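The values are calculated or read from the model by the stated rules, or taken from the named source; none is laboratory data. Note that the coordinates shown come from a computational prediction; the quantities given were computed from them, not determined experimentally. Cβ coordinates were reconstructed from backbone atoms using ideal geometry, including for glycine residues, and neighbour counts include every protein chain displayed. We work out accessible area using only protein heavy atoms, side chains counted, and drop any ligands, DNA or RNA first. Shrake-Rupley method; radii C 1.70, N 1.55, O 1.52, S 1.80 Å.
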Amino acid sequence: MENILKLEPFERYKYFIKKIADWEVFYTLIDKNGEYVLSELEGQKLFPVWSAEEFAKLCMISGWENTAIRKLDLDDLENEIIDFIADSNCLINIFPIYDKTGFVVTLKEFAKDLSEELKNYQ
């Protein structure tokens with residue numbers, strides 16, 4: 001875990017893509033109403049995701065103390081998350097650490113990279 005936390009944001013992004021393709025699950029945060037938690041950077045909404053629950057827990061600080069972790073799978077991604085991100089006009093914040101932003105990508109970039117990685121599993 002420590003080695004992953006030391007990686008640069010883009011390296012954590014590559015790690016995340018491989019893990020989601022491998023395990024077919026990922027994690028985000030929800031508030032007490034069950035709504036997805038978003039952050040903001042330079043006026044842009046960001047949807048945070050992590051490859052493991054332990055990494056998401058590290059971000060339950062700086063205003064996110066009362067959030068909960070939600071486990072999602074590839075079906076959730078396809079049937080709910082993609083539409084939520086598109087409808088909310090969010091970017092995807094891959095693997096933020098503590099209160100630091102992770103690697104930020106568009107939905108299109110993320111979908112392309114994940115699709116490419118998933119081809120290795122067919």
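Of LYS45, LYS14, LYS57, all but one fail to be at pLDDT 95 or above, open to solvent by 40 Å² or more (accessible area, probe 1.4 Å) and closer than 28 Å to GLN122 by Cα; the exception is LYS14.
List pairs: first in region 58-80 and without any contact (Cβ under 8 Å) to a residue 40 or more places away in the chain and within 20 Å of GLU40 (Cα to Cα), second of a type outside the set (S, T, N, Q) and part of a loop (DSSP other than H, G, I, E, B), Cβ under 7 Å, 6+ apart or cross-chain? Taking only residues 6 or more apart or on different chains, the pairs are ILE61/TYR98; ILE61/ASP99; SER62/ASP99; TRP64/VAL37; ASN66/LYS32; THR67/ASP31; THR67/VAL37; THR67/MET60. Taking residues in region 1-21 that are more than 18 Å from LYS119 (Cβ to Cβ), and partners anywhere that are part of a loop (DSSP other than H, G, I, E, B), the pairs with Cβ atoms closer than 6 Å and at least 6 places apart or on different chains are PRO9/GLY102; ARG12/PHE95. In region 86-106, the residue that is most open to solvent (accessible area, probe 1.4 Å) out of those that are within 17 Å of GLU65 (Cα to Cα) and of a type in the set (D, E, K, R) is LYS100.
I'd like the residue in region 60-79 that is out of contact with any strand residue (DSSP E or B) (no Cβ under 8 Å at 6 or more places or on another chain) and not hydrophobic (A, V, I, L, M, F, W, C) and, out of all such residues, is least open to solvent (accessible area, probe 1.4 Å). Among them, the one singled out is ASP76. Evaluated against (1) under 11 Å from the mean Cα position of the chain (by Cα); (2) under 25 Å from MET1 (Cα atoms), ILE81 falls short on exactly one condition, (2).
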